[in-house]
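The structure under discussion appears below in the form of structure tokens.
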Amino acid sequence: MPGYESINSKMLQVRIGPGQEVYSKRGAMLAYTGAVSFAPTATAGQGIGGALGRAVAGEHSAMMHVTGQGSVMFGHGGLHVSVVELNGADTLYAEADRLLVHDATLQVGTMFMGEQGGVRGIVRGAVTGQGLFTTTLTGHGACALLSHGGVMELPITPQRPVHVDPQAYVAHRGQVQNKLTTAVGLRDLIGRGSGEGFQLELSGSGVVYVQASERKI
């Protein structure tokens, strides 16, 4: 697994070598040392069928396949960078444009929001602007997420569901169900922001990553 080293809150250094390849957001390379190659890819390790599925779903971000021997510094738009380690036991759910870089050893997929929350999951995507599909990462490896102002990790337990402003939501992992809820009537929603009118309720067992802003990427 490539080594991920934070240079500061907005820059990340990743070691590249044999068996240590990554996929990165196109345009996110800031500098590199060594003999490193960058090749555009439409699949990001998914295969042609998976890539076509993501394109049709609209859950797609242009990626580069990074190979060779050396170290690469990544960053994007001055956004904060947070590293997430996956040990094969659970799945990470995040929007494609949140992914700065991820190990080539991770399996990338696309999930229909209706699979997590049924009709409420579909409504969530439509109301929050997050779309009807999300990207999944599974396996052993690491990835780096982009956010405004950094993220905090909030544990989710069966006894303690977490309510999040949909615009502050970055990603989640584990056996988690989500649905869009509101505590006010339709008339009361007029003039309210997304977090005041709607909340994303996450229940089950896992972790949710919440950014310090309501801004989209």
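The values are calculated or read from the model by the stated rules, or taken from the named source; none is laboratory data. These numbers were taken from a predicted model, which means no experiment stands behind them. Virtual Cβ from ideal backbone geometry, glycine too; neighbours counted across all protein chains shown. Areas reflect the complete protein model, heavy atoms only, side chains present, ligands, DNA and RNA absent. Shrake-Rupley method; radii C 1.70, N 1.55, O 1.52, S 1.80 Å.
Summary table below
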quantity	calculated
Qualifying residue in the stretch 55-76 (condition: aliphatic (A, V, I, L, M), under 14 Å from Leu145 (Cβ atoms) and modelled with pLDDT of 95 or more)	no
Output for the stretch 1-25, where each listed residue is of a type outside the set (Ser, Thr, Tyr) and open to solvent by less than 40 Å² (accessible area, probe 1.4 Å)	Pro2, Gly3, Leu12, Val14, Ile16, Gly17, Val22, Lys25
Qualifying residue in the stretch 191-207 (condition: at pLDDT below 90, buried (at least 20 other Cβ atoms within 10 Å of the Cβ) and assigned to a strand (DSSP E or B))	yes
Selected residue (only one of Ala94, Ala89 is within 26 Å of Gly3 (Cβ to Cβ), at pLDDT below 95 and open to solvent by 70 Å² or more (accessible area, probe 1.4 Å))	Ala89
Candidates Ala44, Ala28, filtered to the one that is modelled with pLDDT under 95, of a type in the set (A, V, I, L, M), surrounded by 13 or more Cβ atoms within 10 Å (Cβ to Cβ) and in contact with a strand residue (DSSP E or B) (Cβ under 6 Å, 6 or more places away or on another chain)	Ala44
Failed item in (1) under 26 Å from Ser203 (Cβ atoms); (2) at pLDDT below 95, with Ser82 passing the rest	(2)
Count - residues of the stretch 1-25 that are outside any strand (DSSP E or B) and either touching a helix residue (DSSP H, G or I) at 6+ places or on another chain (Cβ under 8 Å) or within 13 Å of Val72 (Cα to Cα) (or both)	3
Any hit, the stretch 161-175, residues being under 18 Å from the mean Cα position of the chain (by Cα), basic (Lys, Arg) and at pLDDT 70 or above	yes
